[in-house]
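Okay, structure first, notes after.
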Amino acid sequence: MVASIRVPKTKRARRELLKHAPKLVETGKKTLILHGTKTSAVLNSVLSDIYHLKRDNAVKYTKKNDNIRPFESGGESSLEFFSLKTDCSLIVYGSHSKKRPNNLILGRTYDHHIYDLVEVGVENYKSMASYVYDKKLAPKLGSKPFFAFIGEHFESAEELKHLKEVLLDLFKGEVVENLNLAGVDRIYVCTAISPTTVYMMHCALRLKRSGTSIPRMELVEVGPSMDLVVRRHRLPVESLKKEAMKTAEHAKKVKNVTKDPIQGRLGKVYMPDQQVGKLTLTNDIKGLKRERREAKKNKEQSKKQKVDAE
């Protein structure tokens, strides 16, 4: 039996659907964090730390989810459903098995369909709670981070190229045009140890005087830190990638046209000086003809009045 497609009947419902639709100019991306059928203590701590870093723009489900196999055909339908339900375009899915211990799947969606996936194994993990540091240096919620990708494998290995893109999308936060240096208080340092392994750590930035206008920066490790070993990855389909990479066309600026929130579109029209004083007046002007007709009519009426009086 084929399910019927529900069409929105009210303007409010249409507006809600438009909010979930893909946009040329993207807003901030939300992250969905999920548990698999079986997870380990290490993986639970990893998912909790990722949620703590992104808690201002993330949704976390704590219940176990069966039948989610993103790399298998049809196994990603539950992920796409949860993505649509929560309006999240980034997915972090954790599972644990004998074949793939401490398995973490990072994925992106486009129009709430799986766009690409990277599967990594977590090793040598240290949680945020295990670090001791001055709590005044703790990064603030929602602050913009720096990224440092160290190693030539990020340019040569296809797996690490893909992982770099996904990590940037996952942790970069809101896209901004201007940035205050004093508000940047964290950095993610990713070091390529081998063509398939990346050591990732999260550090706070301490600004110190340097004698110049640019302060000296010191790194204080605040966690988490871990080794990410790439196991599998799936690149996006070329047609889907082309559609997702569309950018908004910048409209050409029209001279002397402005937009006002109340009056709408406004325009200015510039006219040259007409120099009325130099215009030559002739007897063929319509205004003069009208005056002559009125004067002639008044003269005839005055004559009639004289005749009637006699």
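When A129, A138, A148 are checked against the criterion of being under 25 Å from H162 (Cα atoms) and either aliphatic (A, V, I, L, M) or surrounded by fewer than 13 Cβ atoms within 10 Å (Cβ to Cβ) (or both), a single residue qualifies: A148.
Quick grid of which residues meet (1) under 30 Å from R108 (Cβ atoms); (2) at pLDDT 80 or above; (3) surrounded by 10 or more Cβ atoms within 10 Å (Cβ to Cβ):
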{"position": "G223", "(1), (2), (3)": "yes, yes, yes"}
{"position": "V229", "(1), (2), (3)": "yes, yes, yes"}
{"position": "S239", "(1), (2), (3)": "yes, yes, no"}
{"position": "A244", "(1), (2), (3)": "yes, yes, yes"}
{"position": "A251", "(1), (2), (3)": "yes, no, no"}
{"position": "T282", "(1), (2), (3)": "no, no, no"}
{"position": "K286", "(1), (2), (3)": "no, no, no"}
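Only one entry of S83, S73, S77 meets the criterion of being open to solvent by less than 60 Å² (accessible area, probe 1.4 Å) and among the small types (G, A, S), and that entry is S83.
Applying the set (1) of a type outside the set (D, E, K, R); (2) more than 18 Å from V166 (Cα to Cα); (3) surrounded by 12 or more Cβ atoms within 10 Å (Cβ to Cβ) to N67 leaves exactly one unmet item: (3).
Among S225, S239, which is the only one that is free of Cβ contacts under 8 Å to residues at least 12 places away in the same chain and either part of a strand (DSSP E or B) or polar (S, T, N, Q) (or both)? Only one candidate passes the filter, namely S239. The test for being open to solvent by 80 Å² or more (accessible area, probe 1.4 Å), closer than 30 Å to G183 by Cβ and at pLDDT 80 or above does not hold for L207. Condition check for V198 on (1) modelled with pLDDT under 95; (2) open to solvent by less than 60 Å² (accessible area, probe 1.4 Å): one failure, at (1).
Taking residues in region 53-71 that are under 15 Å from H96 (Cβ atoms) and among the aliphatic types (A, V, I, L, M), and partners anywhere that are open to solvent by less than 90 Å² (accessible area, probe 1.4 Å) and assigned to a loop (DSSP other than H, G, I, E, B), the pairs with Cβ atoms closer than 7 Å and at least 6 places apart or on different chains are I68/G36; I68/G75. Inspection of region 112-125 finds no residue satisfying the criterion of being outside any strand (DSSP E or B) and more than 18 Å from the chain's Cα centre (by Cα). Scanning region 86-126 for residues that are surrounded by fewer than 21 Cβ atoms within 10 Å (Cβ to Cβ), aromatic (F, W, Y) and either under 21 Å from L53 (Cβ atoms) or at pLDDT 95 or above (or both) yields one hit, Y125.
The values are calculated or read from the model by the stated rules, or taken from the named source; none is laboratory data. Please read these numbers as outputs of a predicted model, since none were measured by experiment. Note that each Cβ is placed from the backbone with ideal geometry, even for glycine, and that neighbours are counted across all protein chains shown. In case anyone asks, the SASA skips ligands and DNA or RNA and just uses the protein heavy atoms, side chains included. Shrake-Rupley method; radii C 1.70, N 1.55, O 1.52, S 1.80 Å.
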